1. Mind running the shape call on the stretch 1-136? Use the C-alpha gyration tensor, a ≥ b ≥ c as the square roots of the eigenvalues: rounded below 1.5 for a/c, prolate if a/b tops b/c, oblate otherwise.
2. Using all alpha carbons of the chain, what is the percent of pairwise distances in each 10 Å bin, ordered from the shortest bin to the longest?
3. State in Å² the accessible area per residue of the stretch 114-173; use a 1.4 Å probe, count heavy atoms of protein chains only, and round to the nearest integer.
4. Determine the distance separating the Cα centre of the stretch 302-350 from the Cα centre of the stretch 124-143; give it in Å without decimals.
5. Give a quick list of trypsin sites (Lys or Arg not before Pro) in the stretch 97-143 that DSSP marks as loop, anything other than H, G, I, E or B, with at most 15 other Cβ atoms within 10 Å.
6. Sorted by accessible area with a 1.4 angstrom probe, largest first, how do 4, 54 fall?
7. When the helices in the chain are scored as -39500 (n - 2.57) per DSSP H run of 4 or longer and the sum is shared across all residues, what 222 nm value do you end up with, to the nearest 500 deg cm²/dmol?
8. Given the pairs 53/213; 63/171; 213/271, which span a C-alpha to C-alpha distance of over 28 angstrom in this model?
Amino acid sequence: MKFKLPIREAILNKRTYDLPGDGREGMIRLDLNENTSGCSPTVPAALGRLSPKKIAMYPEYRKSASRIARYFQVRPDELLLANGADDALRIFFDACVDAGSEVVFAEPTFPMYRFYAENFGARITALRYSREMDFPLDDLLRALERKPRLAIIANPNNPTGTLLGARALKKIVNTATGTAVVIDEAYADFSGVTVVPWVRRHPNLFAVRTFSKAAGLAAMRLGCVIGNSQSVRVLRGTVPPYAVNLAAIVAAGAAIRDRQMLRRYVRDVKKLRAEFTIALEEIGVQVFPSAGNFVLANFGPAGVALFENLERRGILLRARTHDIGPGFVRIAIGTRAEMNRLLREIERNR
Ligand SMILES: Cc1ncc(COP(=O)(O)O)c(C=O)c1O
């Protein structure tokens, strides 16, 4: 080709995000921490009521955003809707990160933090969870003294399941005087721990939430940022006017109206998570305590072949060979039938 695309250096140097391929339909999908029992039936019903005229018009957000804000017990001006938590995370890079700015997170964690940091040419400080999957709190507190632009913490963390409690979070917030602290609460429905009530008093603290996990709306793509109203007003400046589609908002509205189903699903996941953990431990597999809708387990080196076998038998798990070690795997908590089938197949294939 004759022409040369004027691509930013940060992008030229980048690896692409390795998304699991298509063709997962019909399999037992325990690889992406989805709600495998499906969303509330009120969601497709609400989507079905969307009229051709409504779909033809640019969406109006005010009423739905107020309802979602009420659900999170914040004011509408403390909420910023985004196209999934993925997109909500990008907002902080748009707003805070220049090429060469320092961005801090602890790995292994959700790979989008590194993905965006690389896109923006940030200087990455990647701390490490311990072998026991404890959060490197002292390392973070030390790093915060340098006032990096951005610190992102998944709480609970994916894939380790690690949860930071209020004391550790308070220490972080009080130390971070020159840093935007983003607590990615994608799994907060399962942990019950959230910084949302603190954001009003802490202008540089933010929670990122999603409707992809407990609410079971991963395909609809809706997430949000919750923060101090003045800070949210600044962030809003980076977001295009119609960043979120109407279907996502209608779906979220229906999902949060069905509180009962949400509560039941969270309760069931927690119960199954405990039972599944015991079942794995009984056959000698190490399982790390998790506050999410998934567990991290260590099957030892023989695990690698086991996970491939399971995949051939239609069960998808997320092997963590590349970022934790061979034999480590993240397993989402699916339905009772899915977890029983998985346990049977593990016993058969070990
Ligand atoms: C910690 C964490 N944050 C964010 C996301 C992305 O959520 P969304 O589907 O809303 O983009 C995930 C999805 O797995 C996640 O694990």
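The values are calculated or read from the model by the stated rules, or taken from the named source; none is laboratory data. Here the structure is a predicted model, which means the values were calculated and not measured. We place every Cβ from the backbone using ideal geometry, glycine too, and count neighbours over all the protein chains shown. Remember, those area values only see protein heavy atoms, side chains included, never the ligands or the DNA or RNA. Shrake-Rupley method; radii C 1.70, N 1.55, O 1.52, S 1.80 Å.
1. Judged from the Cα gyration tensor, the stretch 1-136 comes out prolate (a/c at least 1.5, a/b above b/c).
2. Calculated over all Cα pairs of the chain, the distribution is 5, 24, 32, 26, 12, 2, 0 percent.
3. Normalised by residue count, the accessible surface of the stretch 114-173 is 46 Å².
4. 28 Å
5. 131
6. 4, 54
7. The helix contribution divided over the chain gives -11500 deg cm²/dmol.
8. Violating the 28 Å Cα-Cα cut-off are 53/213; 63/171.
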